[in-house]
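Before any comments, here is the structure.
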Amino acid sequence: GQSLEQPSEVTAVEGAIVQINCTYQTSGFYGLSWYQQHDGGAPTFLSYNGLDGLEETGRFSSFLSRSDSYGYLLLQELQMKDSASYFCAVRPHSGAGSYQLTFGKGTKLSVIP
Amino acid sequence: DVKVTQSSRYLVKRTGEKVFLECVQDMDHENMFWYRQDPGLGLRLIYFSYDVKMKEKGDIPEGYSVSREKKERFSLILESASTNQTSMYLCASSRIYGRETDTQYFGPGTRLTVL
């Protein structure tokens, strides 16, 4: 089975850097994804790590280490609009589950002035 | 621009009613998914479909059924709504090949209240 753990809440100051961690227990998966969801909105795809290492997309970076069963999302130069919930997700290898994602419970990020 | 639409943003139904939630995507995606989202529980998969007329149970299928008669449309059915099915329902779609399978596109959600 798959289990992903994230902190439930994080608070950071505007302009700062914040790291949201995701640790997982899974028998095997294709990659680690991150989604952002603003209050009242739909989740939107942010980034994907198929291989170990860092992926950068503008102010956002995501990291995966399969040997450590660990990944993180790094948000730089925080802006008020980054206040949202962030979900990590994996797609397991086997059977019909190869098409579905398993999501963590999400981390609510609050950016304060 | 990719688009997933859901038939209603808000819906109020009574216990025992049959409820249909419709989802349409215009991206020619093979996969479609139905989730429910509750505070503190994250996104939980109810059912998904990887092809027309194909369906697979997710983590919480009890009390729900689905229908996929056309590639672009995926319906979630509550046969007899109950108060514990009050929730936000999210539809999503994705490709079936390669890393694009990990990129799901979500609809705006339907907030269902069962009285």
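Of note:
- Any chance A:Arg91 is among the basic types (Lys, Arg), closer than 22 Å to B:Arg99 by Cα and either in contact with a Lys or Arg (Cβ under 8 Å, 6 or more places away or on another chain) or within 10 Å of chain B (Cβ to nearest Cβ) (or both): yes
- Residue satisfying condition, being at pLDDT 95 or above, closer than 19 Å to A:Gln37 by Cβ and of a type outside the set (Val, Ile, Thr), within set B:Leu76, B:Leu112, B:Leu43: B:Leu112
- Scanning the range B:54-108 for residues that are more than 9 Å from chain A (Cβ to nearest Cβ), surrounded by 16 or more Cβ atoms within 10 Å (Cβ to Cβ) and either touching an Asp or Glu at 6+ places or on another chain (Cβ under 6 Å) or among the small types (Gly, Ala, Ser) (or both) turns up B:Ser67, B:Ser75, B:Ala81, B:Ser87, B:Ser93.
- Strands (runs of 3 or more DSSP E) completely within the range A:1-79 that count 2 or more residues being free of Cβ contacts under 8 Å to residues at least 12 places away in the same chain: A:53-57
- Taking the numbered list (1) surrounded by 14 or more Cβ atoms within 10 Å (Cβ to Cβ); (2) at positive phi in turn, B:Gly40 passes all entries but (1).
- Counting residues in the range A:103-113 that are within 14 Å of chain B (Cβ to nearest Cβ), in contact with a Leu (Cβ under 6 Å, 6 or more places away or on another chain) and at pLDDT below 95 gives one or more.
- Conditions (1) over 24 Å from A:Leu32 (Cβ atoms); (2) of a type outside the set (Gly, Ala, Ser); (3) not in a loop (DSSP other than H, G, I, E, B); number of the one not met by B:Glu100: (1)
- Residue selected from the range A:21-75 under the condition among the aliphatic types (A, V, I, L, M), surrounded by fewer than 20 Cβ atoms within 10 Å (Cβ to Cβ) and away from chain B (no Cβ under 14 Å), by the criterion farthest from B:Tyr35 (Cα to Cα): A:Leu54
- Test: B:Leu45 is touching a residue at least 40 places away in the same chain (Cβ under 8 Å) and assigned to a strand (DSSP E or B): no
The values are calculated or read from the model by the stated rules, or taken from the named source; none is laboratory data. Only a predicted model underlies this, so the values are computations on that prediction, with no experimental measurement involved. Every residue, glycine as well, gets a Cβ built from its backbone with ideal geometry; the counts of neighbours run over all protein chains shown.
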